[in-house]
Amino acid sequence: MMKKTIAAVLTLLLCFMILPSVAFADEEGDAVLTPADSGEVRVTIGANLDEAQIAQIYKDFGIERDSVTEITVTNADERAYLEGIAPERKIGSVALSCIYIKTLEEGEGLKISTNHINWCTSEMYMNALITAGITDAEVKVSAPFDVSGTAALTGIYKAYEDITGTTLSEIAKTIGVEELVTTGELAEYIGSNEATQIVNELKKILDQTQNMTDDEVRAEIKGIAEAYNVSITDAQVDQLLKLCRSLEKLDVAQLQEKLVSLTKTLEGAKQVESKLSEFAAGVKNFFGKVADFFSRLFGKGN
């Protein structure tokens with residue numbers, strides 16, 4: 001009993017030690033950032049949600065409904081980009097996906113999180129947005145229940161264009177959708193991580209594939225798949241070839257530069273996560289030893 005009490009007291013003391021540091025960090029941030037620097041925010045809501053579902057979405061996003069500009073997205077809006085690219089079963093007849101987007105400072109990259117999205121992953125969205133020309137933003141994708149999430153890109157496009165007052169390249173937006181769908185369909189067979197990695201590896205050699213024949217590109221695709229120890233069908237190879245030819249229509253050098261930046265950001269995030277885990281384990285071990293020490297100390301007194 002005494003051991004548990006001491007451990008609890010020490011944990012409480014640790015919290016008081018940490019809180020001033022956190023508050024100081026916030027105060028430092030407030031001193032540097034201005035309202036303009038903090039970014040513009042938009043929310044898009046699927047047109048077929050009822051009021052209770054909309055309320056839940058705002059709760060998921062952590063904001064009040066009347067605190068942000070809200071944009072409605074219809075199934076017709078979604079079809080404008082998805083029809084002819086995504087399977088009909090992924091488009092459906094109603095608009096349910098919702099998104100929150102906040103623009104970030106240049107160089108901060110993309111921060112994506114999802115809720116009730118069971119087909120598209122954060123990494124898939126990230127790559128598709130970079131292809132479409134969106135590079136620095138925090139994006140949350142949600143729905144009232146599990147959906148594929150393919151239609152969410154439409155909401156992100158509309159919200160981003162509303163924030164910036166500019167129109168993204170229609171070609172880039174369409175290719176972004178194609179990339180998302182191609183990666184998602186491939187992921188159904190080989191896994192989302194492998195599918196995303198194969199597409200990214202293909203992007204890295206776009207400057208070379210531009211000068212290759214279709215058969216040469218097919219050989220490259222098969223080689224990339226083999227390097228990741230996955231087997232893909234001829235139909236999947238052709239689908240990736242089609243995506244490759246589409247991506248070649250964009251500014252390849254710029255796309256590859258953004259991909260390198262994204263890779264560094266993801267690697268940095270993983271390193272931070274690893275360091276935090278190590279720190280947490282170290283703190284837990286240290287205070288465990290302290291608690292044991294005091295327990296033995298008081299035990300001797302008894």
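The values are calculated or read from the model by the stated rules, or taken from the named source; none is laboratory data. On a predicted model such as this, the values are computed, not experimentally measured, just so you know. FYI the Cβ positions are ideal-geometry reconstructions off the backbone, even for glycines, and counts take in every protein chain you see.
Counted as qualifying within the stretch 187-302 are the helices (runs of 4 or more DSSP H) with 2 or more residues that are over 30 Å from ASN118 (Cα atoms) and at pLDDT below 95, namely 252-301. Within the stretch 31-47, identify whether any single residue is of a type outside the set (S, T, N, Q), at pLDDT below 50 and closer than 19 Å to ASP162 by Cβ, and answer yes or no. Yes, there is a match, as at least one residue in the stretch 31-47 is of a type outside the set (S, T, N, Q), at pLDDT below 50 and closer than 19 Å to ASP162 by Cβ. The set of residues in the stretch 183-208 being within 20 Å of SER97 (Cα to Cα) and more than 17 Å from the chain's Cα centre (by Cα) consists of GLU185 alone. Among all residues of the stretch 83-96, there is none that is of a type outside the set (A, V, I, L, M), under 17 Å from the mean Cα position of the chain (by Cα) and not in a loop (DSSP other than H, G, I, E, B). A residue that is more than 24 Å from GLU78 (Cβ to Cβ), touching an Asp or Glu at 6+ places or on another chain (Cβ under 6 Å) and surrounded by fewer than 17 Cβ atoms within 10 Å (Cβ to Cβ) can be found somewhere in the stretch 207-219.
For residues that are in a helix (DSSP H, G or I) and polar (S, T, N, Q), scanning just the stretch 111-143, find the one that is surrounded by the fewest Cβ atoms within 10 Å (Cβ to Cβ). Only one residue tops the list, namely SER122.
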